[in-house]
Amino acid sequence: KAGVTQTPRYLIKTRGQQVTLSCSPISGHRSVSWYQQTPGQGLQFLFEYFSETQRNKGNFPGRFSGRQFSNSRSEMNVSTLELGDSALYLCASSLDRGAFYGYTFGSGTRLTVV
Amino acid sequence: LAKTTQPISMDSYEGQEVNITCSHNNIATNDYITWYQQFPSQGPRFIIQGYKTKVTNEVASLFIPADRKSSTLSLPRVSLSDTAVYYCLVGDGGGATNKLIFGTGTLLAVQP
């Protein structure tokens, strides 16, 4: 079966712009979570969506937002980009909520802010 | 909120057993412990998951002591292709208020 698909794979944006990243979960998976990975901070949890509702949120500013559609696909938006937002953004899907079900990750979107 | 700590790096040789430990002093009652493997420019890949005692699958074993304040991932007979970063993840099994906490990651370098 198809894995978690993230688009685009690479993105270059200018400071002050906004960006939207997309994540298509494994068919049947209802939970989608997002992570930011940087060399300095490692893997940090952004937020989790389940049944179109944001269930949990990490410690990121309001510039980071997301949503989930009825088909479980999810988008993440970052507004007013800063240089420090350059990172690998990972999406993971899970059959249901909670770490018990395990997470399958996509290959990520590499965002570079210049 | 659980905080996880791992060694930054480890070295090993092909054919050896490797044990990577993750400390999670503030683990909650319903938190599960999961280990992931990550290669450059790829997302983390699930290895194994457990709640307590010992879990074994075809690629690894996971040891969790009774107090659950740490966990050890055991990789038997590593090969060059096991060179990667390994993360532990402590997360709420129930999902009600989970704030998923990844460990700092351990870079395992396997040499011939």
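For this structure, a couple of remarks:
- Filtered residue count, the stretch B:1-44, keeping only those that are aliphatic (A, V, I, L, M) and in contact with a Gly (Cβ under 7 Å, 6 or more places away or on another chain): 1
- Being in contact (Cβ under 8 Å) with a residue 12 or more places away in the chain, part of a strand (DSSP E or B) and not aromatic (Phe, Trp, Tyr) is a property that does not hold for residue A:97.
- Out of A:41, A:18, one residue alone is free of Cβ contacts under 8 Å to residues at least 60 places away in the same chain and open to solvent by 20 Å² or more (accessible area, probe 1.4 Å). It is A:41.
- The single residue among A:21, A:88 that is touching an Asp or Glu at 6+ places or on another chain (Cβ under 9 Å), within 14 Å of chain B (Cβ to nearest Cβ) and outside any loop (DSSP other than H, G, I, E, B) turns out to be A:21.
- Residues of the stretch A:21-38 satisfying the condition of being open to solvent by less than 40 Å² (accessible area, probe 1.4 Å), closer than 17 Å to residue A:77 by Cβ and touching a Ser or Thr at 6+ places or on another chain (Cβ under 8 Å): A:21, A:22, A:23, A:32, A:33, A:34
- Of all residues making up the stretch A:60-76, the number that are over 14 Å from residue A:18 (Cβ atoms), open to solvent by 30 Å² or more (accessible area, probe 1.4 Å) and among the small types (Gly, Ala, Ser): 1
- Qualifying strands (runs of 3 or more DSSP E) (wholly inside the stretch B:26-112; at least 3 residues being open to solvent by less than 10 Å² (accessible area, probe 1.4 Å) and modelled with pLDDT of 90 or more): B:31-38, B:70-75, B:84-92
- Verdict on residue A:97 being under 24 Å from residue B:32 (Cβ atoms), open to solvent by 20 Å² or more (accessible area, probe 1.4 Å), basic (Lys, Arg) and at the interface with chain B (Cβ under 9 Å from one of its Cβ atoms): yes
- When residues of the stretch A:45-58 are limited to those that are within 9 Å of another protein chain (Cβ to nearest Cβ) and open to solvent by 60 Å² or more (accessible area, probe 1.4 Å), the one nearest to residue A:90 (Cα to Cα): A:57
- Restricting attention to the stretch A:1-15 and to residues that are at the interface with chain B (Cβ under 10 Å from one of its Cβ atoms) and outside any strand (DSSP E or B), the residue that is most open to solvent (accessible area, probe 1.4 Å) turns out to be A:9.
The values are calculated or read from the model by the stated rules, or taken from the named source; none is laboratory data. Please read all numbers here as calculations on a predicted model, not as lab measurements. Counting neighbours? That spans all protein chains shown, and the Cβs are built from the backbone with ideal geometry, glycine included. With ligands, DNA and RNA removed, areas are computed over all heavy atoms of the protein, side chains included. Shrake-Rupley method; radii C 1.70, N 1.55, O 1.52, S 1.80 Å.
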